[in-house]
Amino acid sequence: MAIIQPDFKFEDLGIGGLDKEFSAIFRRAFASRIFPPSIVEKLGIQHCKGILLYGPPGTGKTLMARQIGKMLNAREPIIVNGPEILNKYVGQSEENVRKLFAEAEKEYKARGDESSLHIIIFDELDAICKQRGGKNDGTGVGDSVVNQLLAKMDGVEQLNNILIIGMTNRKDMIDEALLRPGRLEVHMEISLPDQHGRVQILKIHTAKMRENHLLAPDVDIDELASLTKNFSGAEIAGFVRSASTFAFSRHIKGGTTATVNEDVENIKICQSDFLHALEEVHPSFGVSDAELQLCVQNGIIPFSEDIDRILKDGSLFVEQVKNSNHTPLVSVLLHGKNINIIVF
Ligand SMILES: Nc1ncnc2c1ncn2[C@@H]1O[C@H](COP(=O)(O)OP(=O)(O)OP(=O)(O)O)[C@@H](O)[C@H]1O
Ligand SMILES: [Mg+2]
């Protein structure tokens with residue numbers, strides 16, 4: 001039986017711009033589970049037991065966690081929010097983790113590799129799986145929770161019928177041991193949406209207006225997508241909300257008590273409302289293109305050898321942050337007598 005619903009489209013679930021990520025997740029985490037266990041055994045491979053979805057805030061991780069059950073022909077996933085697991089009483093947090101696995105264990109004992117797939121989603125995993133031995137909480141609760149999770153995934157009592165999906169916006173905080181092969185081995189970055197993704201997300205968040213004919217015909221989604229570079233999904237949602245408030249305000253009567261005009265039925269959200277909203281909602285990541293252009297409009301004059309060196313080193317740091325797992329953040333201090341602005 002197919003694990004993924006055959007007619008399934010992410011856009012229908014209200015998740016935009018993550019098709020590529022999902023097909024990779026499917027290949028790495030689910031594909032082997034469609035095959036009969038006897039064939040998988042002949043291949044000598046093990047199913048992937050865990051994936052980690054990480055990326056900046058507001059890119060749709062929690063949204064995916066909530067919707068993932070709808071795309072699967074499997075039992076409903078158990079979804080837990082990291083902080084919910086933690087309990088101040090000794091042993092209670094571990095007990096909470098064990099409880100999550102109880103059903104999967106029972107079925108595995110009864111049916112072995114024929115058992116159906118149990119998915120457990122940990123949203124905000126960083127809250128419980130901080131680097132062990134970390135000084136941040138002093139109770140050691142996080143440590144034993146990590147140990148408990150590790151034991152369930154590949155310890156002596158390991159299960160083959162589980163898939164753990166962890167989500168976080170702080171991959172650097174997650175205990176390394178949990179990220180190794182055999183555990184949360186597939187790491188998938190859920191990054192800011194590209195142009196195509198932004199078109200999808202804008203369409204999702206304006207779908208209702210369009211359906212009810214409240215979106216003016218001059219609204220150009222492609223143009224809005226180009227204007228919302230570096231916006232996360234959540235910021236795009238906020239952008240649409242902001243645009244609609246500009247339309248509302250056209251229909252509010254002045255006076256001592258604010259009331260709406262009779263023509264409110266004809267409310268339309270227009271392109272100009274979106275353009276207004278752009279002045280109000282700003283992305284928290286990335287440099288504004290306009291500002292960057294302003295800085296480098298006449299090019300960078302290499303008035304000394306240092307300039308070349310700084311630019312070269314700067315690009316190396318950029319690559320390092322992009323490609324290395326160990327340095328999610330590098331800070332650079334430029335100092336000198338006359339500081340000039342250099343933008344990497
Ligand atoms: N890819 C997307 N497609 C459609 N809507 C999105 C997308 N990403 C975010 N949103 C909108 O933003 C809201 C918040 O996103 P969500 O809570 O899933 O972010 P998150 O990645 O879990 O962030 P955090 O890392 O802060 O927990 C969603 O409920 C949705 O309205
Ligand atoms: Mg979230």
ask   = Mind checking which pairs have a first residue in region 46-67 that is within 13 Å of ligand 1 (Cβ to nearest atom) and a second that is among the basic types (Lys, Arg), Cβ under 9 Å, 6 or more apart or different chains?
value = 52/171; 53/61; 54/61; 54/170; 54/171; 55/61; 55/171
note = With the first residue restricted to region 224-242 and required to be outside the structural domain of residue 56 (by TED's automatic domain parsing) and in contact (Cβ under 8 Å) with a residue 60 or more places away in the chain, and the second required to be more than 16 Å from ligand 2 (Cβ to nearest atom) and open to solvent by 40 Å² or more (accessible area, probe 1.4 Å), Cβ contacts under 6 Å at 6 or more apart or on different chains are 235/283
ask   = Which residue, of 284, 244, is within 30 Å of residue 51 (Cα to Cα) and not acidic (Asp, Glu)?
value = 284
inquiry  = Criterion first (in a helix (DSSP H, G or I) and either away from ligand 1 (no atom under 16 Å from the Cβ) or modelled with pLDDT of 90 or more (or both)) does residue 84 satisfy it?
reply    = no
note = Only one of 80, 90 is surrounded by fewer than 16 Cβ atoms within 10 Å (Cβ to Cβ) and closer than 19 Å to residue 130 by Cα, namely 90
query = Would a scan of region 66-81 turn up a residue that is touching a Pro at 6+ places or on another chain (Cβ under 9 Å) and either of a type in the set (Gly, Ala, Ser) or at pLDDT 85 or above (or both)?
reply = yes
request  = Consider residue 159 carefully, then state whether it is in the same structural domain as residue 96 (by TED's automatic domain parsing), modelled with pLDDT of 85 or more and more than 16 Å from ligand 2 (Cβ to nearest atom).
outcome  = no
query = Which of the residues belonging to region 185-237 are touching an Asp or Glu at 6+ places or on another chain (Cβ under 8 Å), modelled with pLDDT of 95 or more and near ligand 1 (Cβ under 9 Å from one of its atoms)?
reply = 200, 204
request  = Among residues belonging to region 168-210 that are part of a loop (DSSP other than H, G, I, E, B) and surrounded by 16 or more Cβ atoms within 10 Å (Cβ to Cβ), point out the one that is nearest to the chain's Cα centre (by Cα).
outcome  = 190
task = Kindly indicate the residue of region 46-60 that is on the phi < 0 side of the Ramachandran plot and open to solvent by 20 Å² or more (accessible area, probe 1.4 Å) and also nearest to ligand 2 (Cβ to nearest atom) among those meeting that condition.
result = 57
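The values are calculated or read from the model by the stated rules, or taken from the named source; none is laboratory data. Bear in mind the structure is a predicted one, so any value in this text is a computation, not a measurement. Heads up, the Cβs are rebuilt from the backbone with ideal geometry, glycines too, and the neighbour counts pull from every protein chain shown. Surface accessibility is based on the protein's heavy atoms, side chains included, excluding ligands, DNA and RNA. Shrake-Rupley method; radii C 1.70, N 1.55, O 1.52, S 1.80 Å.
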